[in-house]
1. May I ask you to say which residue of A:ALA163, A:ALA221 is within 14 Å of chain B (Cβ to nearest Cβ), farther than 23 Å from B:GLY654 by Cα, surrounded by 15 or more Cβ atoms within 10 Å (Cβ to Cβ) and in contact (Cβ under 8 Å) with a residue 12 or more places away in the chain?
2. For the stretch A:101-129, what are the residues that are open to solvent by 60 Å² or more (accessible area, probe 1.4 Å) and in a helix (DSSP H, G or I)?
3. So is A:ALA265 more than 7 Å from chain B (Cβ to nearest Cβ), in a helix (DSSP H, G or I) and within 21 Å of A:LEU99 (Cα to Cα) or not?
4. Which is more than 29 Å from B:ASP221 (Cβ to Cβ), of a type in the set (A, V, I, L, M) and touching a residue at least 24 places away in the same chain (Cβ under 8 Å), of B:ALA440, B:ALA409, B:ALA425, B:ALA359?
5. When A:SER182 is evaluated against the numbered criteria (1) in a helix (DSSP H, G or I); (2) polar (S, T, N, Q); (3) within 10 Å of another protein chain (Cβ to nearest Cβ); (4) in contact (Cβ under 8 Å) with a residue 24 or more places away in the chain, which criterion, by number, is the only one it fails?
6. Mind checking which residues of the stretch A:74-100 are facing chain B (nearest Cβ under 9 Å) and either open to solvent by 30 Å² or more (accessible area, probe 1.4 Å) or of a type in the set (Ser, Thr, Tyr) (or both)?
7. Take the stretch B:571-599 and flag every residue that is surrounded by 20 or more Cβ atoms within 10 Å (Cβ to Cβ) and within 14 Å of another protein chain (Cβ to nearest Cβ).
8. So which residues in the stretch A:239-249 are facing another protein chain (nearest Cβ under 10 Å) and either under 17 Å from the mean Cα position of the chain (by Cα) or exposed (fewer than 11 other Cβ atoms within 10 Å of the Cβ) (or both), if there are any at all?
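The values are calculated or read from the model by the stated rules, or taken from the named source; none is laboratory data. Computed from a predicted model, the values in this text were never measured in an experiment. Reconstructed Cβ throughout: ideal geometry from the backbone, glycine too, with neighbour counts over all protein chains shown. Ligands, DNA and RNA are excluded from the accessible area calculation, which covers all protein heavy atoms including side chains. Shrake-Rupley method; radii C 1.70, N 1.55, O 1.52, S 1.80 Å.
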Amino acid sequence: MSALGPGEIRARRRPFLLLSVVFLRLLVGFCLAWPLSSLVAGSGVGLRPEGDRALFEGGGYLLAELLRLRGGELEAVARGLLPLLVLGLLLTAAGNSALLVGLNLQGRLRLRELLSRATERLPALVVLGAGTALGQAVLLGTGLLLVAAVPEPLAKPVATSYAQAALWLFIVLAVGALGGLSDVAKASLVRHESRLGDALRRALKCLRHLPIRATFGWVPAAVAFLAVVAVAAKLTERCDVSQAGSWRLPVVFALHQGVVIAAVALRAAWFARTLRLVATDR
Amino acid sequence: MTSASSRCPKLEPRRRRVWASALAALAFVSGVHEGRAAEPPLEHAPRVASYTLQARLDADQHRVSAHGTIELLNYTELPLQELYLHLYMNAFKNDESLFLRSPFGAGRSGQHGGKWGYIDVKRLYAREPGRDLWPDRAAKSPGDPDDETDVRVPLAQPLAPGQTLTLEVEFEVKLPEVVERTGYVDDYHFVAQWFPKLARLMPDGSFAHFAFHPQSEFAADFGSYDVTLDVPAGDVVGATGQCEPSPAPAGRRAVRCRADDVHDFAWTSWPAFQERRERIGSVDVRVLVPPGHAKNAELELDTVRFGLAHFGARFGRYPYPTLTVVHPPEAAGDSGGMEYPTLITTGGPWYTPYSGARAIEAVTIHELGHQWFYGLFASDEHRFPFLDEGLNSYAEHSSLSARYGLGSAFDGFGLPIANEALSRAIAAARGADEPIAQGAADFYSFRSLGAIVYSRTASLLSTFERVYGKQKLDLALADYAAHARFRHPEPAQLIEAVRGRLGDGAAKNLERALFERASVDYLVRDVQSAASDPHAGVFDEANGRRTVPRSEVRPPAHWVGHAIVLRHGALELPVQLELSFDDGHRERRDWNGEGTRYTVNCEGPARLVGVTIDPEHRVLLDDDLSNNAASAIDQGAPRSLERLLYWTELLLSGGLP
């Protein structure tokens with residue numbers, strides 16, 4: 001299988017691959033959510049005639065009671081799930097790797113070859129991802145220190161908040177830019193089948209030539225994602241699962257999975273852009 | 001000392017008022033002694049302890065120098081040999097004070113102050129017999145050789161019943177960095193518990209005095225306050241009472257504030273305050289906020305508009321001509337969330353209104369409620385904190401519910417949360433660890449006091465409202481309010497008011513819950529359902545033996561259901577049960593809560609599949625809601641699974657696509 005030409009790289013070319021990544025997230029998500037929901041069911045909620053609808057009812061009496069009585073256990077189970085979460089994040093990274101590889105290739109995808117290529121790139125992608133996360137953590141830590149150092153005159157609370165917000169915005173943009181550049185490096189790893197150092201050099205080169213696209217090209221996708229989440233939240237609110245009606249839960253499930261599909265599609269679209277960015281040596 | 005009786009024929013208006021106050025006080029005291037709950041409401045408070053002070057703030061040194069007079073009317077039937085003064089500011093003098101000596105720093109404000117604060121009384125001169133009493137004082141609090149907040153002062157000569165003692169006083173206060181609702185941060189000053197304050201004179205001639213405990217608030221007699229405040233020229237002043245400009249030297253400004261029928265005086269001074277004013281009914285409302293807090297000011301004003309009318313209708317008219325709302329700057333947040341007569345403090349960042357939480361509304365309505373439950377109904381906050389904080393928390397929750405419904409605490413993300421739900425959970429977490437009706441210092445920690453005094457009392461009254469009816473409870477509280485207005489109510493008056501409107505059963509429950517740590521937990525056991533059609537087998541009947549083979553038994557068309565509902569705990573509260581059947585219909589039953597067990601028996605064409613106790617959440621005191629329902633089928637938690645699954649998938653996305 002050979003690589004697609006830069007003009008042909010499009011997320012929509014790989015609908016089944018997208019759905020496979022969605023399914024992977026669903027599977028990992030289920031493994032993480034099931035123990036927690038079992039604990040919720042075992043708290044007495046499952047034995048209520050109306051089931052766990054009661055947890056979503058206005059006023060929050062039973063939700064508050066659940067957190068009071070089972071909050072500690074839920075926290076303990078959530079802590080116990082951390083290794084599984086790490087594994088899930090690795091699997092997500094593998095899925096993203098497969099997505100990058102798949103978007104880059106032309107012709108019918110053969111699972112064995114796709115997995116082989118994706119696995120081949122995975123160690124470098126994980127190192128890159130971990131390095132990026134570390135860099136982002138350092139930026140956030142620095143941000144915390146800087147925000148704490150903002151003077152807070154008693155009579156200027158709004159100016160103080162704005163200064164802190166501006167600082168945070170700057171830090172978040174820096175974190176995002178680092179993430180964007182990291183994605184460009186990942187695309188370079190896949191597109192050119194290069195080593196990590198080479199991929200980073202290409203990413204930096206891209207940064208010099210197209211700084212905005214290399215660092216903030218993901219912004220439209222992120223904005224679209226947030227809009228989808230907000231719309232889904234509004235629609236979910238209207239479905240109101242605290243009310244009787246067997247249709248409500250499937251509709252909410254469909255809405256939420258729609259958001260996940262949109263998230264994966266938007267990430268694929270961004271990956272396609274990064275592949276196009278690194279397709280030609282500038 | 002002045003004998004009112006000897007001058008009776010030629011009374012000046014002011015003295016006439018004092019004498020009338022004494023008579024009102026005597027009438028009130030005799031009512032208490034005879035256990036009468038239905039005393040006529042008072043239009044004015046008995047004027048027992050009054051203060052005329054001139055205070056000067058040195059904003060750079062954070063010091064207040066003051067002098068003036070204190071008048072004490074002996075309204076009792078016994079001569080007084082001594083008096084007690086509370087020097088609350090000495091709580092912040094050193095780490096040996098009762099307030100600061102705990103290494104855990106777990107007072108109401110949760111921390112120690114950054115800079116020391118104290119009060120130096122320089123002179124306490126009794127006009128009759130003309131002698132400075134201060135040298136004869138006990139230097140330390142009774143029974144506490146390290147504390148200086150509760151000082152006994154022997155009188156040079158007894159103060160006879162009906163006589164007024166006038167004391168000339170001079171003192172200087174060094175303010176602490178803001179702690180426990182008083183002090184300074186930069187050029188912001190909030191000055192509370194700042195003057196030598198007479199302990200409350202009890203009807204038996206003793207004083208309700210106590211060293212300032214980190215979990216406690218205050219108690220004092222009603223009186224009149226006339227305080228002139230001298231502050232830097234650029235400062236904006238907020239204070240108890242009606243204030244007007246007064247002559248001041250260059251570079252300074254002075255305001256004279258007067259308040260009758262009150263039992264404390266607090267004030268604040270800060271150049272950066274911004275002001276909103278509005279006349280609401282007959283009350284001039286003033287809101288002082290830091291710059292940039294216009295939204296908070298509007299929200300506080302709006303809450304006061306609602307609260308004055310709402311509380312006025314339920315607990316009696318707000319009788320004062322002014323109300324000042326002070327929103328401290330964020331760095332001085334520890335001076336917020338407090339009540340003083342005609343002045344309340346709120347708090348929170350400028351962006352709080354945009355968060356979805358009703359924090360500004362809650363703190364404003366809570367502190368406003370204290371104008372009744374503390375201000376007008378001047379219970380002893382040290383001895384029975386539930387009478388002010390507990391009843392007022394109920395008033396806060398019920399008023400917010402009346403205004404905002406189920407989303408009274410938070411309304412966002414499609415999930416409204418009620419104050420009552422949070423309060424119930426906090427109260428249940430501490431269960432009945434300690435009695436509600438005990439002294440503030442008797443609670444083993446402030447967290448326990450918070451859960452039991454604030455949350456459990458509020459849940460107790462919300463339970464009564466929902467179980468016995470809001471109208472009846474409102475009438476009972478109106479009776480209590482009428483009796484308590486300008487008096488010093490005790491728990492007995494509350495219990496009697498409840499007995500009068502809700503009956504003996506409710507009064508018994510209230511008494512048990514307040515004094516005996518009584519609790520309640522309803523639970524369901526053994527929900528069963530079986531066919532009631534004729535059984536198969538061999539039956540001996542009058543006309544001979546009859547054998548019914550199993551094949552002839554019809555499929556069940558008639559069912560009998562059975563379940564056991566139990567009550568744990570001593571509170572016998574009526575409760576509703578909801579039976580659910582497999583054809584989807586539901587049926588309600590009432591249990592009066594008497595006895596410890598209620599057996600559910602039902603028959604019909606549908607199968608009993610579940611029983612839910614208290615489906616409308618009326619019994620908020622129920623210790624455990626998780627055992628309030630049982631059904632034949634475990635339904636799992638599919639909605640929770642779905643929501644957790646979604647959140648996890650988003651988490652795997654790293655928050656971004």
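1. Details: A:ALA221 fails: farther than 23 Å from B:GLY654 by Cα.
Exactly one of A:ALA163, A:ALA221 is within 14 Å of chain B (Cβ to nearest Cβ), farther than 23 Å from B:GLY654 by Cα, surrounded by 15 or more Cβ atoms within 10 Å (Cβ to Cβ) and in contact (Cβ under 8 Å) with a residue 12 or more places away in the chain, namely A:ALA163.
2. A:LEU111, A:ARG112, A:LEU115, A:SER116, A:THR119, A:GLU120, A:PRO123, A:VAL127 - these are the residues of the stretch A:101-129 that are open to solvent by 60 Å² or more (accessible area, probe 1.4 Å) and in a helix (DSSP H, G or I).
3. Details: more than 7 Å from chain B (Cβ to nearest Cβ): yes; in a helix (DSSP H, G or I): yes; within 21 Å of A:LEU99 (Cα to Cα): yes.
Answer is yes for this residue.
4. Among B:ALA440, B:ALA409, B:ALA425, B:ALA359, only B:ALA409 is more than 29 Å from B:ASP221 (Cβ to Cβ), of a type in the set (A, V, I, L, M) and touching a residue at least 24 places away in the same chain (Cβ under 8 Å).
5. So the condition that A:SER182 fails would be (3).
6. A:LEU85, A:LEU89, A:LEU91, A:THR92, listed by residue number.
7. Answer for the stretch B:571-599, where residues must be surrounded by 20 or more Cβ atoms within 10 Å (Cβ to Cβ) and within 14 Å of another protein chain (Cβ to nearest Cβ): B:LEU577, B:LEU579, B:SER580, B:PHE581.
8. Taking the stretch A:239-249 as the starting set, the residues that turn out to be facing another protein chain (nearest Cβ under 10 Å) are A:239-242, A:244, A:248-249.
Within the stretch A:239-249, just A:ALA244 meets the criteria.
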